[in-house]
Every structure is written in structure tokens, then in C-alpha cells.
Amino acid sequence: MRTKHLIPNHAAGLTYAARDSAARDNNAGGGGIDPFEGFPDAVLGLIVSKLPFRSAVAASAISRRWRGAAAAAPALDIDFAAAFPAAPRRRAAFAAAATAALAPRPASPSQPSPPRPHPLRRLRLALDGLFDQAFAASAAEHLASWLASAAARGVERLELRLPRSRLAVLPPSLLACTALTSLTLRLDHYALPLPSPATFTRLSRLHLASVSLNGDDDFFGDLFSHCAELRDLILEKCRIGALRLAGPSGLRSLAITDCTWAQESSLAVFEMPELRSLRYSGAMATRHVIDVGISLDEVVLAIEKPQTKPREDILRELIALVGNAPSLLLSPWCTEQFARVEEWLKVRLDRVRRLSCIIERREEGASSIAPLLSNCRNVEELRVSVVPSQGTRRRCSDGECHGLLRSKGVMLKHLKGVRMKYIDESKSGLELVKLLLKNASALETMNIVPSMDGLEQAMFKRRVLKFRKSSRNAIIQFCTAG
């Protein structure tokens, strides 16, 4: 498309930058002036913070005014692997660029005193590949100086990612970042004890990944004693022997994701009156001690079935401790446990209002929902998602199939909304839909995302619409996407 008629002066070489530069030349009666001289440092730093680190470094070649723009950026993402993906040997150049971006600008001849450093809101340091055998000692020194510079600029949110190396350790300058409100440490197979977080008095979010946590050190004791503003704690892919989280603390969210537990491990949570959210996925400890005074609002139990020696009794004990929450999500293995009705007669999940279940696609996969619903009598919203299973016919973990759904004892007087994703035309799938329509007298909407299409989906719709509904106001909707 030709644009000369839209901007006629552009064809003659008259742009806004050239016009402004010519105006300055005429007013000054002398040499040319850089058009970016009028831009404040904060504006240039904000522009650079939106760029990848490699592009931010390249921006310094635009003009002399842009050379210190990275040092004024409020956010920096310094990633060695992303900056030099095709030239991993340029470690010295990367270190020099990172030092220039983090270190405060030196004093100029016209201003003898050093300028005040620009505030740094967010910093991400990903140093995978930087700790080479020949460069590891130098990389450790650079890491210490970078964190010291970040502390001088008052960094508030820090994410540090270190590779597996003998010299890739947390430097003491990390403790100088006293203005931190969010700290993420991704340490690959880090076996050294973590330093005491006593200096992080403003910390509100802590994320630890791939570290070893034992009950012998006092890391969490110092964390809850000195970090009074801590609200979110995330443990991801950590190696845990014994985890004891004892307050008093204002912690509101706890996430334990894909962690590796010792053969004899334990999880204890005490004196957390403000704790409202618990997310527990992957493997689980062999013993759980949860304070009865904790009142959770959201519980996610995405526990996976162990390959050897599954401990159903431990899982049932955990669900009995924390499952009675207004919002509850259960993995396929957790849902399957409710099929043993005789073992759950005394467990009541009366506080559950929003129930989400993930079941496997097999003939008896949906049959475990009915016993679960008999325990959650006050549920108002139900979400069922079906995921592929390893086989078309797979029995329950005890070697027995619990048969089809039985509506006896299932009362759903408060159920108003149902959403079912990827339900197929198997006998248990249709029985689940029939059970919900028959026993949910207050049902308002049922959204179904079938796993089939075309003619099979049309036949599935016709069979569902013929089921008797106990609620006259129930609307059944079929969607094509989740």
C-alpha cells in the first residue's frame, strides 16, 4: 500500500525528528542536537524494561543518550541462555553487560557527587550455562556484585535461578536485599542450608524450587518469626524429609507442588489461623499433622498414585483433615478413594460448596463420583473433567470394580450448576448425567462438553435430552470447547 498521499512530507524526507532537530539548529545557531536529549531517564528506562536483555543492551548503540538507559530500567530480565543462545562462550561480554545494567552510573565532571540510583522494582537472574568450569569462580564473584547492586537500588521482587555447580551458591549479598517483597529461588539440586531470612522483614511471597528441606535447620522458624508480612509460600520440586510450619503467622496460601518426600516423612502445620488456601500435588508425605484450628477456603489435592506401595489410608486421612473446605478439587486417585463407601461413612464434607473432580476415561471412571457426592451433601457447583487413562478398561486400585452408579443415598438438594468436560457415551458417563438430573432438584444449568463430534455427538445429545429431570428450570447446554 502506498502511503505518500497520507504523509506527503515523508516523501521529501521531512519527518518529525528531522523537523525538531532543524528547529533546534536554527534556534541555537550551531551544531545538531540529539533528539533524545529531552527524554528523561525514567522514560528511557521504562522503554528498555519492556525489551529482552539482549535488545536492551543493543539499545545502547542508538546514541550516547541511550548508553545508561538500562541502568534506569525499573525491571530487568537478565537471562544468559536467552541473551546468547548461539554463542554460549560469550560469558565475559554477558557479565559486563549485566554489570553495566545493574551498577549505578558514575559521577560526571559536571556533577561530582554520584547520582542517586534509579529504583529497581523487579529483577530476574537466570544464570543457566554461565557457571562453566573455567568461568565458575568469576561468575560467583559477578553474582555477588549483581545482588549487591540490586540491593543498593532497592529491588523489591527478585527471581534467582542458579544451575547445578559447586560454586553456584547463594552469596551473603542476597541478605542485603532488605526491601524484598517477593523472592523466588530456583536452585538446581541445591543441597546447602538456606541462609536465614531474618533480614527480609517486608517479604510477602516466597517461592523455593529444587532445594533440600530438612527439619533440622531453623529456616522456617526464622521465616515465620521475622517475616510478619509473609502471605504466600510455594515449595516446588523440593526434596523434603520433615517439614514443620509452625506460627504464629499470617500465612494465607500454601502450595506444595511435585516435591520428593523421604521414605519416612512428615508434614506438620500449626498456628496458621489466616491460612485459607492449600495446594498439594504430586507425591505426599507419609504422615500429616494439621492444626484443627485452621479453616481453609480452597483445597486442591492433585495427589498422584505412587507406582509402588500406594498408601490409601494416608490419603484418606489427609482428605479427612483438610477436605472439608468450601472449594475442593480432587485428582483421579483422590476421587477413586470414595468408591469404598464403607470406609467413608463417618467422613462428612458438609462445607464443600464448589466441587471439582478429575476422573480418568474408562468404563467405571465416573462411578466414583456418586459416593463422593453422598459425602458432599451441600455442594452447589460441580465440575467434572475427564482425562485419558492408560487403558480402556482399568480396575480400581484394590483390584475390584465398583460397578455402575447407584442413586441410593445421593441427595443433591443444593446443586445449581454442573459443568462436565469430555464426557463420553460410556455407560458410566451416561449414568452420571442421569444421576445428576434425577437427584438435583434445584439444578439450573448443566453444561456438557462431549468428547465426540459429528453423528456420535448428535446421538449423545438425544439420549441425554430424554432423561427425566427433577428440576423444571434445568437447562442443558452442549458446548464444543472447554
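The table for this structure:
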| item | result |
| --- | --- |
| Complete set of residues in segment 317-328 that are assigned to a strand (DSSP E or B) and either within 21 Å of Glu264 (Cβ to Cβ) or of a type outside the set (Gly, Ala, Ser) (or both) | Leu328 |
| Which numbered condition Gly38 misses (of (1) open to solvent by 50 Å² or more (accessible area, probe 1.4 Å); (2) at pLDDT 80 or above) | (2) |
| Segment 441-460, subset in contact with a Lys or Arg (Cβ under 7 Å, 6 or more places away or on another chain) and assigned to a strand (DSSP E or B), residue modelled with the highest pLDDT | Asn447 |
| Residue within segment 159-166 that is among the hydroxyl-bearing types (Ser, Thr, Tyr), modelled with pLDDT under 90 and over 25 Å from the mean Cα position of the chain (by Cα) present | yes |
| Scan of segment 313-330 for residues that are in contact with an Asp or Glu (Cβ under 8 Å, 6 or more places away or on another chain) and open to solvent by 10 Å² or more (accessible area, probe 1.4 Å), ordered by number | Arg316, Asn324, Pro326, Ser327 |
| Qualifying positions in segment 340-358 - at pLDDT below 85 and either touching an Asp or Glu at 6+ places or on another chain (Cβ under 7 Å) or open to solvent by less than 10 Å² (accessible area, probe 1.4 Å) (or both) | Trp344 |
| Segment 204-230, residues that are open to solvent by less than 10 Å² (accessible area, probe 1.4 Å) and part of a loop (DSSP other than H, G, I, E, B) | Cys227, Leu230 |
| Any chance Ala18 is over 21 Å from Leu185 (Cα atoms), aliphatic (A, V, I, L, M) and modelled with pLDDT under 75 | yes |
| Residue in segment 401-412 that is modelled with pLDDT of 75 or more, farther than 30 Å from Ile294 by Cα and crowded, with 16+ Cβ neighbours inside 10 Å present | no |
| Hits in segment 257-289 - residues which are acidic (Asp, Glu) and more than 26 Å from Ala191 (Cα to Cα) | Glu271, Glu274 |
| Cβ pairs under 8 Å, 6+ apart, first in segment 461-482 and closer than 19 Å to Lys421 by Cβ and in a loop (DSSP other than H, G, I, E, B), second among the basic types (Lys, Arg) and open to solvent by less than 90 Å² (accessible area, probe 1.4 Å) | Gly482/Lys421 |
| Residue match in segment 129-150 (condition: free of Cβ contacts under 8 Å to residues at least 60 places away in the same chain, open to solvent by less than 50 Å² (accessible area, probe 1.4 Å), among the small types (Gly, Ala, Ser) and under 25 Å from Leu233 (Cβ atoms)) | yes |
| All positions within segment 151-164 that are open to solvent by 40 Å² or more (accessible area, probe 1.4 Å) and out of contact with any strand residue (DSSP E or B) (no Cβ under 8 Å at 6 or more places or on another chain) | Ala152 |
| Extreme residue, most open to solvent (accessible area, probe 1.4 Å), among residues of segment 169-202 that are in a strand (DSSP E or B) and not hydrophobic (A, V, I, L, M, F, W, C) | His189 |
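Listed here are the residues, each with its yes/no results for (1) surrounded by fewer than 21 Cβ atoms within 10 Å (Cβ to Cβ); (2) without any contact (Cβ under 8 Å) to a residue 24 or more places away in the chain; (3) under 11 Å from His118 (Cβ atoms); (4) basic (Lys, Arg).
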site: Leu46; (1), (2), (3), (4): yes, no, yes, no
site: Ala61; (1), (2), (3), (4): yes, yes, no, no
site: Arg64; (1), (2), (3), (4): yes, no, no, yes
site: Ala72; (1), (2), (3), (4): no, no, yes, no
site: Phe80; (1), (2), (3), (4): no, no, no, no
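A quick yes/no check of all residues on (1) open to solvent by 30 Å² or more (accessible area, probe 1.4 Å); (2) under 21 Å from the mean Cα position of the chain (by Cα):
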| position | (1), (2) |
| --- | --- |
| Asp232 | yes, yes |
| Cys238 | no, yes |
| Gly250 | no, yes |
| Leu254 | no, yes |
| Thr260 | yes, yes |
| Ala268 | no, no |
| Glu271 | yes, no |
| Arg279 | yes, yes |
| Ala283 | yes, yes |
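The values are calculated or read from the model by the stated rules, or taken from the named source; none is laboratory data. A quick note: this is a predicted structure, and the numbers were derived from the prediction, not measured. Glycine gets a Cβ as well: all are built from the backbone with ideal geometry, and neighbour counts include every protein chain shown. Just so you know, the surface numbers come from the protein's heavy atoms only, side chains and all, with ligands and any DNA or RNA stripped out. Shrake-Rupley method; radii C 1.70, N 1.55, O 1.52, S 1.80 Å.
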